[in-house]
Amino acid sequence: MLIDAEQRFVKEQEANFDLQLIEKVNMGDRQAFHDLYNRHYKRVFALTLRLTANESLAEEALQEVFVQLWQKLSSFDGKAKFTTWLHSVAANITISYLRRQTNWLQKVVSFEQAGMPEQEVDMCHGLNGLDKYIVRLPEKARLVFVLFAVEGYRHEEIAEQLNMAVGSSKAQYHRARSLLKEWMSNETD
């Protein structure tokens, strides 16, 4: 009980600090934006990496997220926690970024984008646990899985965001789960 109260207090202090930084950023304070970036870039990078399954694309998407965040921060209204809003913005920007990359790539070569090859997963720093399997998923299955299971979106929201039917979102989620179970069971055998 005491630990829960302490954790709530710490989270409230962090949220208040974010709000103070946002206020300073909205007044043009670049150092405050740098501080905000340092507080949140690891979490945002983890999300961009899960969504892109490519370390260099994840870094580019991360950069895009924070460039747009600088431009859109004044639209944060404080109705949700900043971290919740930031994750939503980061997911939307990363998906848009992926669409632009995929459209360009499809003009050059046509294929269904697979996930990160197993050899690259081993070389990618910071991937452990479930993340090392998530990045191997095919793109649509990975996007749906991350948005539904990791980020907590509903299938209706995912379908709208990814321009697919709700049933397709559910099917891609089940495809991802099946692949993850298979890969994880193979590793334990």
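The numbers here are math on the coordinates, done by the rules we state, and not lab data. Since the model is a prediction, treat every value here as computed from it, not as a measurement. Here the Cβ is made from the backbone with ideal geometry for all residues, glycine too, and neighbour counts use every protein chain on show.
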Taking 21 Å as the cut-off for C-alpha to C-alpha distance, list the pairs among LYS140/LYS170; LYS79/LYS170; LYS24/LYS72; LYS72/LYS170; LYS81/LYS132; LYS81/LYS140 that go past it. LYS79/LYS170; LYS72/LYS170; LYS81/LYS132; LYS81/LYS140
HN-Hα couplings for the stretch 72-83 via Karplus (6.51, -1.76, 1.60; θ = phi - 60°), in whole Hz with x for Gly/Pro, come out as 9, 4, 5, 7, 5, 9, x, 5, 10, 5, 4, 5
Whose amide H sits under 5 Å from the amide H of LEU137, counting only residues 5 or more places off or on another chain, with H placed in the peptide plane? MET116
Packing-based ranking, highest mean first, of 158-171, 46-59 given that Cβ atoms within 10 Å are counted: 46-59, 158-171
Can you compute 3J(HN,Hα) from phi for each residue in the stretch 11-18, using the Karplus curve 6.51 cos²θ - 1.76 cosθ + 1.60 with θ = phi - 60°, rounded to whole Hz and x for Gly and Pro? 5, 5, 5, 5, 5, 5, 5, 4
